[in-house]
1. Only bridges whose two residues both fall in the chain count here: according to DSSP, what percent of them are antiparallel, nearest 5?
2. Could you grab the relative contact order for segment 18-83? Cα pairs under 8 Å, six or more apart, rounded to a whole percent.
3. Pick from G21, G69, G181 the residue whose mean-square fluctuation is largest in a GNM of the chain, springs joining Cα atoms under 10 Å.
4. How big is segment 116-155 along each principal axis, measuring the range of its Cα positions in Å and listing the largest first?
5. Would you mind classifying segment 8-84 by shape? Square roots of the alpha carbon gyration tensor eigenvalues, ordered a ≥ b ≥ c; an a/c under 1.5 is rounded, otherwise it is prolate if a/b is larger than b/c and oblate if not.
6. Run the numbers for S66 and S79: contour at 0.36 nm per residue of separation, minus the present Cα-Cα distance, in nm.
7. For segment 7-210, calculate the relative contact order in percent as a whole number, restricting contacts to Cα pairs under 8 Å that are 6 or more residues apart.
8. Taking 7 Å along the Cα-to-C-beta vector as the label spot, tell me the H146-Q105 distance in nanometres, rounded to one decimal.
Amino acid sequence: MAANGDATILLPTLNEVDNIGAMLRTLTDLYPGQNIVVVDDDSEDGTAAVVREWQGDARVIVRDRSDRGLSASIYDGISACTTPYFVVMDCDFQHPPEKIAELLQALREGADLAIGVRTDRSALTPFRRFSSSVAHIMAHCYLSFHSQPSSTDIMTGFFAGRTELFQKVIGESEGDLERRGFKALFDLLKFCPPGIVIREVVFDFMPRKAGESKISPLVIISILRQCGRGGKSAAALISRIIKRV
Ligand SMILES: Nc1nc2c(ncn2[C@@H]2O[C@H](COP(=O)(O)OP(=O)(O)OP(=O)(O)O)[C@@H](O)[C@H]2O)c(=O)[nH]1
Ligand SMILES: [Mg+2]
């Protein structure tokens, strides 16, 4: 079926050859007619080739390595969307594809942003759970202090939004976005109009299905960089200390 749906499912990828085929099949079965765009950071393992060879409707954007970054890929994907809605999800099945329907339903009912919030996080190691909670509290305090909307899961990578609104947000805050970061939703909440309508959809966070994780403990530095001038100074200090040890 030709892709003529109202949404684009954006899949940022870096070396996901072990997951991409299964993910394309699952999404095409569940959402025939919706657009699928893989935003690949020039993976060395042939991820983009799998998308090109895929018989269904899926497109791949291969990005330049010099601008590598999960958040940058998400912003570029949203900017390239031509449908009223977009959905961002990981390609490793940690975000249940069945839940996209609920995110889209929330948008069709009038929400500007629909956020997938993790309930059961037992798939994460205790260290990851702890750092994610610290990062969430930091981000929540920052957003509240600046009277910006927040979420019960600012660190999630599973969310959907109204394309026109978020293309504007990205265009207007381009120079201030942490493109190399991992937490795009935090920046979108930081720079969106304060009165937007947000709906949350709960989901169980699954273990990664195949392949290897790309996240590093240093992600906390990029999250700090997202917390204004004070956060940037703290991040610079921590980076200097790490380089010395
Ligand atoms: N385009 C792009 N995609 C990335 C990059 N880093 C990670 N990704 C993709 O973003 C998604 C999330 O990355 P993961 O490595 O699974 O990060 P995570 O889910 O926080 O970590 P795990 O729980 O260990 O899987 C996956 O689809 C990755 O392939 C990047 O630098 N560029
Ligand atoms: Mg993952």
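Read-outs throughout are calculated quantities, based only on the coordinates presented, and are distinct from any laboratory measurement. A quick note: this is a predicted structure, and the numbers were derived from the prediction, not measured. Virtual Cβ from ideal backbone geometry, glycine too; neighbours counted across all protein chains shown.
1. Working: 7 of 27 bridges.
Beta bridges within the chain, antiparallel portion: roughly 25 percent.
2. Computed over segment 18-83, the figure is 32 percent.
3. Residue with maximal mean-square fluctuation among G21, G69, G181: G21.
4. Result, largest extent first: 32, 19, 8 Å.
5. Taking the square roots of the gyration eigenvalues as a ≥ b ≥ c, segment 8-84 is oblate.
6. Fully extending the segment from S66 to S79 adds 2.8 nm.
7. It rounds to 28 percent for segment 7-210.
8. It is 3.3 nm.
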